[in-house]
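Quick notes on the structure that follows.
Quick note: the coordinates plus some simple rules give every number you see, no bench work behind them. Note that the structure is a prediction, hence the values are computed from the model and not measured. Don't worry about glycine lacking a Cβ; one is built from the backbone with ideal geometry, like all the others, and counts go over all protein chains shown.
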Amino acid sequence: MSATKASSGAEGRLSQYSLRRRVNFYETDCAGIVHFSWFFRYLEEAEHAMWRAAGLSIAPAGEVSYPRVSATFDYQAPLRFEDEFDVVVRVAAIGRSSMRYACTITRGTAQVATGTTTIVCVKAHDGGMKAVPFPPDVIGRFEVAASPAEP
């Protein structure tokens, strides 16, 4: 990992985070390309870094947690061992108890993959989980990012 960048909007709220990374050998499959499952990990790694940049942890020691309820990726080009690439995660939507991220992975100027994931703020309830509003000190650190320009 190297060069990271957070984009802030009004009142210093984070809306986007960029993480530069290099493909490790163990992330590749028999064909010598990154296994599809790693893209979800790359998105999550950038998400966690964005939360840290906001002064938070995605895994707080409190009453709430943030499970994923949806995740997708579309692939446009392969990544290979030792490729350097960028993972940009943007806050695409914020609801009362959910947040959706959009992710773009690029290698230089080439788009490699795009994806989304949605997290929900939950509290343990009767042996299960119940969606609850984000704590104000958490949701106040983020804002929806402006949509990226279309090519």
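State which stretch of the chain is the longest one without any exposed GluC sites (Glu not before Pro), exposure meaning a DSSP loop state and at most 13 other Cβ atoms within 10 Å.
The answer is 83-151.
³J(HN,Hα) across the range 84-95 via Karplus (A = 6.51, B = -1.76, C = 1.60, θ = phi - 60°), whole Hz, x for Gly/Pro?
Calculated HN-Hα couplings, in order: 9, 8, 10, 10, 10, 10, 10, 6, 8, 7, 10, x Hz.
For semi-axes √(5λ) of the Cα gyration tensor in Å, several values are listed as [x] 47, 21, 13; [y] 42, 19, 9; [z] 28, 18, 13; flag the one computed from this structure.
[z]
Anyone know which of Ala124, Ala92, Ala102 comes out most mobile in the 10 Å Cα GNM of the chain?
Greatest mean-square fluctuation among the candidates belongs to Ala124.
Between the helical axis of 37-53 and the dominant principal axis of the chain, each derived from Cα atoms, what acute angle in degrees is found, rounded to the nearest 10?
Tilt of helix 37-53: around 50 degrees.
With θ set to phi - 60°, apply the Karplus curve 6.51 cos²θ - 1.76 cosθ + 1.60 along the range 133-142 and write out the HN-Hα couplings as whole Hz, x wherever there is a Gly or Pro.
Once θ is set to phi - 60°, the couplings for the range 133-142 become x, 4, x, x, 6, 8, 5, x, 8, 10 Hz.
Just to confirm my numbers, what's the Cα centroid distance between the range 43-70 and the range 76-151 in Å?
That distance is 10 Å.
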